[in-house]
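Okay, so here's the structure we're looking at.
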Amino acid sequence: MTTTDVKSSPKPQDTRGLAGQTIGDTSICQVSQTELIYRGYEIADLAANATFEEVAHLLLVGHKPSAEELKQFKDELTSMRAVDRGILEVIGKIAQCETGSDDVHPMSILRTGISLLSHVDPDCEDNSPEAELRKAKRLLAQIPTIIGFGQMSRDGKTPVEPDPNLDHAANLLWCMTGKKPSESAAKVMDVSLILYAEHDFNASTFAARVIASTESDMHGAVCGGIAALKGPLHGGANEKAMEMLKDIDAYIQAGSGDVDKFMKEAFAEKRKLMGFGHRVYKNGDHRAGILRSWGLKVAEEQGADSKKWFDIGDRVQQIMLDQKNIHPNVDFPCGMTYYVMGIPVPQYTPIFVASRITGWCAHIMEQHQDNRIIRPLANYTGPELKKWNG
Ligand code: CMC
């Protein structure tokens, strides 16, 4: 090969992190540059016309529910919301614990909560499709109870019982705050849960599938999913995105400069901007614009103090696009939206779990129904062979 050949060859694709590699089949979700589809239905269509419970049924049971099926599904979920008292007591204690540097993160509390739930689930060790569907419904129903109990304990308030008159999204808000949400807050939460429900082989779902592929149990796979989602490069980005906007606001309030100056400094320091970029979407995340418009509606109804977060966010977005050609992902508008809804920042990623549990469980079931252990190869880069005694 000549020097000219080397120069003219295309840059080899960086496949670290399995970038650009298709590693299996799924009938649950299709993610592409142009579309995001859950079992045949496009995300904008679902966000505009479906409810979260309908989407949960679509993902878990496998089809759009009839009116009768939906009623039965919702009744079942509502009846499953109560969580074992002993488990809630542990959750309450952990939530009030202070670790060396900070409070225990609600994602860690939730991970422990799911682990505890496994010990009282009669189907825990049964990986049959029927048992897994029962477990998935229980997890879906009980996650808001655990999130809410943890948050109310953190706040030093008396936790409330789940409300059977409220749908999943409204009940989640009720459990977290002890206040009945307005119709519009419940609607925005519902839409955000639809947007977060499923996303093919993202890191947390892949982690859950790897665990399931060893024929391990659903609760264990979900704990793995939670651990993966917590990271700031994945679900944890919604919290980090809002923390960044608060940093920008503090920077402006302190008279240090404007958004443009903050961004210039961030670029100079090669900082990663949370809520931007995506492994698959290079021309924008289909979910981001949908959530931004719902969040903006809430902010505009509230007035200038809330709207300012969207003004700062829009400027950050414009600069990222103009100077880096990087688009926001769903976590960017999520941060602002949940913030103007008054939700504590550390609960943003647990809320993601309250939705993504549907996608994870659908994938765990799919993996178990046509299983082969996931065990890829590694390219060894260590030292050459040598003798232990020589
Ligand atoms: N801020 C600044 N630069 C970025 C960002 C960002 N958020 N995202 C990507 N880039 C740059 C990156 O540095 C790289 O530049 P260069 O080619 O000069 O090295 C280029 O864009 C390509 O990015 P990449 O690192 O190859 O992207 P990746 O596919 O490995 O990582 C990502 C994807 C989402 C982890 C990454 O974009 C990121 O860390 N974003 C911030 C965290 C975030 O918002 N995560 C949420 C992901 S989507 C929803 C979810 O899962 O919750």
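The values are calculated or read from the model by the stated rules, or taken from the named source; none is laboratory data. This structure is a prediction, so every number in the text was calculated from the model and none was measured. Cβ sites come from the backbone with ideal geometry, for glycine too, and all protein chains shown count toward neighbours. In case anyone asks, the SASA skips ligands and DNA or RNA and just uses the protein heavy atoms, side chains included. Shrake-Rupley method; radii C 1.70, N 1.55, O 1.52, S 1.80 Å.
Taking 0.36 nm per residue of separation and subtracting the current Cα-Cα distance, fully stretching the chain between LYS297 and THR214 would add 25.3 nm.
Loop exposure criterion: chymotrypsin sites (Phe, Trp or Tyr not before Pro), DSSP state outside H, G, I, E and B, at most 11 other Cβ atoms within 10 Å. Applied to the chain, the longest stretch between such sites is 1-379. Averaging the sequence gap over all C-alpha pairs within less than 8 Å and six or more residues apart, then dividing by the number of residues, gives the chain a relative contact order of 21 percent. SER216 sits with roughly 40 Å² accessible to a 1.4 Å probe, with DNA, RNA and ligands left out of the calculation. Rolling a 1.4 angstrom probe over the protein heavy atoms with all chains in place gives region 237-340 an accessible area of 48 Å² per residue.
Surface composition of the chain: carbon plus sulfur atoms contribute 51% of the solvent-accessible area (1.4 Å probe, protein chains only, all chains present).
Out of every Cα-Cα pair that region 229-297 contains, those further apart than 14 angstrom amount to 69 percent.
Each residue of region 283-390 gets 238 Å³ once the volume of the Cα convex hull is shared out per residue.
In deg cm²/dmol and to the nearest 500, what is the mean residue ellipticity at 222 nm of the chain if only DSSP H runs of at least 4 residues count, each as -39500 (n - 2.57), divided by the residue total?
Value at 222 nm, helices only, nearest 500: -19000 deg cm²/dmol.
For region 237-340, the Cα gyration tensor yields ellipsoid semi-axes of 19, 19, 10 Å (square root of five times each eigenvalue, largest first, whole Å).
What is the list of residues in region 17-51 whose amide nitrogen lies under 11 Å from a point 7 angstrom out from the Cα of ILE374, following Cα to Cβ? Residues 23-25 qualify, since their backbone N sits under 11 Å from the label point.
Quick one: divide the alpha-carbon radius of gyration of region 154-291 by 2.2 N^0.38 Å and tell me what you get.
Computed over Cα atoms of region 154-291, the ratio equals 1.32.
Spin-label model, VAL120/LEU18: points 7 Å from Cα along the beta carbon direction are separated by 3.4 nm. Accessible area per residue (1.4 Å probe, heavy atoms of protein chains only) ranks ASP75, ASP249, ASP126 as ASP75, ASP126, ASP249, with the largest value leading.
In the assembled protein chains, SER115 presents an accessible area of approximately 50 Å² (probe radius 1.4 Å).
Select from the chain the helices, each a whole stretch of DSSP H, whose alpha-carbon atoms run 30 Å or more along the helix axis and whose Kyte-Doolittle mean is at least -1.0; answer none if there are none. List each step's numbers first, then the result.
Details: long enough: 129-154 (37 Å, -0.22); 348-369 (32 Å, 0.03).
The qualifying helices are 129-154, 348-369.
With a sphere of radius 10 Å drawn around the Cβ of PHE73, what net charge do the other residues whose Cβ falls strictly inside it have (Lys, Arg +1; Asp, Glu -1)? That sum, taken over residues with Cβ under 10 Å, equals -3.
Summary of the geometry: region 169-184 and region 8-66, compared by the centres of their Cα atoms, lie 29 Å apart.
Applying 1/(1 + (r/R0)^6) with r as the Cβ-Cβ distance of GLU384 and ASP260 and R0 = 56 angstrom yields a FRET efficiency of 0.60. For the chain, the alpha carbon positions stretch 72, 62, 50 Å along the principal axes, listed from largest to smallest.
Top to bottom by accessible area (1.4 Å), largest first, where do ILE248, ILE23 land? Kindly include the intermediate steps, with their values, before the conclusion.
Numbers: ILE248 0, ILE23 80 Å².
The ranking, largest first, comes out as ILE23, ILE248.
Summarising the amide proton neighbourhood of CYS29: residues at separation of 5 or more, or on other chains, whose placed amide H is nearer than 5 Å comprise ARG39.
Pairs of Cα atoms nearer than 8 Å and 6+ residues apart set the relative contact order; for region 237-340 it is 43 percent. For the set LYS187/LYS264; LYS71/LYS307; LYS240/LYS308, the pairs lying more than 28 angstrom apart at their alpha carbons are LYS187/LYS264; LYS71/LYS307.
Provide the FRET efficiency to the nearest 0.05 for the LYS71-SER27 pair, computing r from the beta carbons and using R0 = 25 Å. About 0.45, to the nearest 0.05.
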